Amino acid sequence: MDISLLAQFTVNGLMLGMMYALVAVGFTLFFGVLDIIVFSHGDVVMVGAFAALTGHYWLTGIYPDMSMWVELFFISCISIITVAAFGMIMAKTMILRLRSASPLNTLLATMMLGTVLREAVRLFFPGGSNPKPFPVLLPDISASFGDFTLRFDSVILFVLGALLIVSLHLLITKTKLGMAIRAVAQDEETARLMGVNFTLIVLITFAIGSAVAAFAGVMNGLYYNEINFGMGLLLGAIGFSAAIIGGLGNIYGAILGGFLFAGLQTLGAVAMPFASAYKDVFAFGVVILIMAWKPTGLIAEKTSERV
Amino acid sequence: MQRALSIRNVYTAYGKADVLSGVDIEILPKKITCLLGSNGAGKSTLIRSILGLTPPREGEIIFEGLPISGHPTHSVVAKGIACIPEGRRVFPKMTVKDNLLMGAYLESSEKKIKMNMGKVFEIFPRLEERQEQLAGTMSGGEQAMVSIGRGLMSSPKLLIIDEPSLGLSPALVSENFRIIRKINDAGTAVFLVEQNVRQTLAISHYGYVLSQGRVTAQGTAEELKTSDEVQQAYFG
Ligand SMILES: Nc1ncnc2c1ncn2[C@@H]1O[C@H](COP(=O)(O)OP(=O)(O)OP(=O)(O)O)[C@@H](O)[C@H]1O
Ligand SMILES: [Mg+2]
């Protein structure tokens, strides 16, 4: 295969990997603090994208000639704040209440919540049952190297995503809040004995995980210039898989898993150019094999730091 | 009589069955109060009740004149009570230093944290050498040091210790008792739960015997040493 095509695939793969990593981080954070799977997390990404779109309608209605950068900043803030608040409310009213029941009940309840979110957007968002165009808010510049085109907007999105992941890393490893989150993940009861307000830490963790998902939603919209009510379904399945391959509870594992999954998809598309529609089948198939080979994830619990 | 913590007529249950049925205990300020009792007597349950991990279904717990029963654990701890839990419970994937810092979670003054860490390192020089080691990779004895050190990091008014010598060699056990004595000499009230009767009574001022969720004997350490209950149960 020629080099420019390879470069193109690599760049696309990295973009997808970043989005998957951002979704997977949420799954792994929630599992870290509460030992549960929040199945609606993919649909929360979708809500993030639609919240940003709503922000776009609203803002351009008031200030029609706002600059792209300013608008991007504001609709990202709107999306992140709305979705973070949603995550906290979900944790408070539903997930913390389900703690006394089996984790399976949480799985089921959040699965149903995902359906509710999807259907609510489909039915109540104006024209929600059709794909919606997402505003173009990044300069349409690109550089060409032979057949390979590097889009400037992809570079920006990738850098923003990387910055978000680095901030999250610093938050978890260097701050007192991060230490409390790690303590709760390792031993909830002892964390409480040290004076950690468990409920508060859980709510903050849900705010953080949901905010990151909202950003992934905005990123998705900007990258594809289109969003739809069902986009969270596959993203959720992929984010969950990525978190599992990385060893649930491990943030770095989840990030690695996200990029690995994107790599598999890309590999599938490259290896089977005649049937690139099968790239997901290929990627999920490999995930199943990885799970059978390393049931506790690629990064073993012993050497890895959970959350 | 002045008291640090009063436990009055406390009933605590897991599910339906009562594990504690009407416990009355007074913990004295600046003294070591011990609680003896065989396996399953409800000693750890009593500690969980004090700290709000398993709140009592009936009765009162009063710390420095204010009720704390039913309060969430973090607000009980904020009042100046620290706990060295049964089984050490170090955070395995945190370094020794971070474990100690967790002990000072509610302390906002950097200066105080530094000072307390200095004190802990004075008691356990080993911890200073191993600051950066993950606590989960330490030996059992070293983990006991981490757990005790962590309990001292908040300079608590009352320190509750649940079976600190479990699983330690006799030499380490004696060392542990010496350290508890030292902590108490510095003015901290200690509530000590132990099975090691002889050494516990040797350092305690006052003690209680718990049996099947009820206090069956109490008295000064001297009185308990000669009491029938203790003689029968432990020395008989
Ligand atoms: N989480 C729990 N759920 C149900 N029952 C429990 C629970 N924890 C303790 N128990 C029961 O309560 C009783 C008292 O247990 P507790 O741990 O308080 O005993 P203990 O005096 O601390 O014993 P040991 O000396 O062995 O530590 C036991 O019969 C135990 O089985
Ligand atoms: Mg016990």
_Given the criterion part of a helix (DSSP H, G or I), within 18 Å of A:Ile204 (Cα to Cα) and of a type outside the set (D, E, K, R), identify the matching residue among A:Val23, A:Val47._
A:Val23
*Taking region A:272-307 on its own, how many of its residues are part of a helix (DSSP H, G or I), open to solvent by 40 Å² or more (accessible area, probe 1.4 Å) and modelled with pLDDT of 80 or more?*
10
_Matching option when the condition is touching a Pro at 6+ places or on another chain (Cβ under 6 Å) and of a type outside the set (A, V, I, L, M, F, W, C), among B:Gly118, B:Gly151, B:Gly136_ = B:Gly136
*Here are B:Leu100, B:Leu28: which of them is more than 16 Å from ligand 1 (Cβ to nearest atom) and assigned by TED's automatic domain parsing to the domain that holds B:Val146?*
B:Leu100
*asked:* Considering only residues that are surrounded by 14 or more Cβ atoms within 10 Å (Cβ to Cβ), touching a residue at least 24 places away in the same chain (Cβ under 8 Å) and among the aliphatic types (A, V, I, L, M), which ones fall in region B:196-236?
replied: B:Val197, B:Leu201, B:Ile203, B:Val209, B:Leu210, B:Val215, B:Ala221, B:Leu224, B:Val230, B:Ala233
*Looking only at region A:106-141, count how many residues are out of contact with any Asp or Glu (no Cβ under 7 Å at 6 or more places or on another chain) and in a helix (DSSP H, G or I).*
16
*Quick one: count up the residues across region B:122-156 that are assigned to a loop (DSSP other than H, G, I, E, B) and within 12 Å of the chain's Cα centre (by Cα).*
1
*Would it be correct to say that A:Met66 is more than 22 Å from the chain's Cα centre (by Cα) and either buried (at least 16 other Cβ atoms within 10 Å of the Cβ) or outside any helix (DSSP H, G or I) (or both)?*
yes
*Given the conditions (1) out of contact with any Ser or Thr (no Cβ under 8 Å at 6 or more places or on another chain); (2) open to solvent by less than 60 Å² (accessible area, probe 1.4 Å), and given that B:Val193 satisfies all but one, which numbered condition is not satisfied?*
(1)
*Determine whether region B:106-113 contains at least one residue that is open to solvent by 40 Å² or more (accessible area, probe 1.4 Å) and within 10 Å of chain A (Cβ to nearest Cβ).*
yes
*With respect to the numbered conditions (1) without any contact (Cβ under 8 Å) to a residue 40 or more places away in the chain; (2) at the interface with chain A (Cβ under 9 Å from one of its Cβ atoms); (3) open to solvent by 80 Å² or more (accessible area, probe 1.4 Å), which one is the sole condition not fulfilled by B:Asp98?*
(3)
*Give region B:75-91 a look and list any residue that's facing another protein chain (nearest Cβ under 9 Å) and open to solvent by 50 Å² or more (accessible area, probe 1.4 Å), or say none.*
B:Ala78, B:Arg89
*Would you tally the residues in region B:13-67 being within 16 Å of ligand 2 (Cβ to nearest atom) and within 22 Å of A:Glu189 (Cβ to Cβ)?*
21
_Matching residues in region B:130-185 - criterion: being touching an Asp or Glu at 6+ places or on another chain (Cβ under 8 Å), under 16 Å from B:Ile32 (Cβ atoms) and away from ligand 1 (no atom under 16 Å from the Cβ)_ = B:Lys157
*A:Gly253: within 14 Å of chain B (Cβ to nearest Cβ) and part of a helix (DSSP H, G or I), yes or no?*
yes
*On the given criteria, is B:Ile47 surrounded by 17 or more Cβ atoms within 10 Å (Cβ to Cβ), within 16 Å of ligand 1 (Cβ to nearest atom) and within 13 Å of chain A (Cβ to nearest Cβ)?*
yes
*Just give me the residues in region A:114-126 being open to solvent by 30 Å² or more (accessible area, probe 1.4 Å) and either more than 17 Å from the chain's Cα centre (by Cα) or more than 22 Å from A:Gly55 (Cβ to Cβ) (or both), in sequence order.*
A:Thr115, A:Val116, A:Glu119, A:Ala120, A:Arg122, A:Leu123, A:Phe124, A:Phe125, A:Pro126
*Out of B:Ser169, B:Ser227, B:Ser154, report the one residue that is more than 16 Å from ligand 2 (Cβ to nearest atom), closer than 30 Å to B:Ser108 by Cβ and in contact with a Gly (Cβ under 8 Å, 6 or more places away or on another chain).*
B:Ser154
_Some residue of region A:193-201 being away from chain B (no Cβ under 14 Å), assigned to a helix (DSSP H, G or I), on the phi < 0 side of the Ramachandran plot and open to solvent by 10 Å² or more (accessible area, probe 1.4 Å)_ = no
*Are any residues in region B:166-182 touching a strand residue (DSSP E or B) at 6+ places or on another chain (Cβ under 8 Å) and open to solvent by 10 Å² or more (accessible area, probe 1.4 Å), and if so, which ones?*
B:Arg181
*asked:* I want to confirm something. Restricting to region A:242-271 and keeping residues that are farther than 21 Å from A:Gly42 by Cα and without any contact (Cβ under 8 Å) to a residue 40 or more places away in the chain, which single residue is surrounded by the most Cβ atoms within 10 Å (Cβ to Cβ)?
replied: A:Gly268
*Quick one: which of B:Gly52, B:Gly37, B:Gly42, B:Gly65 is within 16 Å of the chain's Cα centre (by Cα) and either more than 16 Å from ligand 1 (Cβ to nearest atom) or more than 20 Å from B:Val230 (Cα to Cα) (or both)?*
B:Gly52
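The values are calculated or read from the model by the stated rules, or taken from the named source; none is laboratory data. These numbers were taken from a predicted model, which means no experiment stands behind them. As a convention, Cβ positions derive from the backbone with ideal geometry for all residues, glycine included, and neighbour counts pool all protein chains shown. The area values use the complete protein model at the heavy-atom level, side chains included, leaving out ligands, DNA and RNA. Shrake-Rupley method; radii C 1.70, N 1.55, O 1.52, S 1.80 Å.
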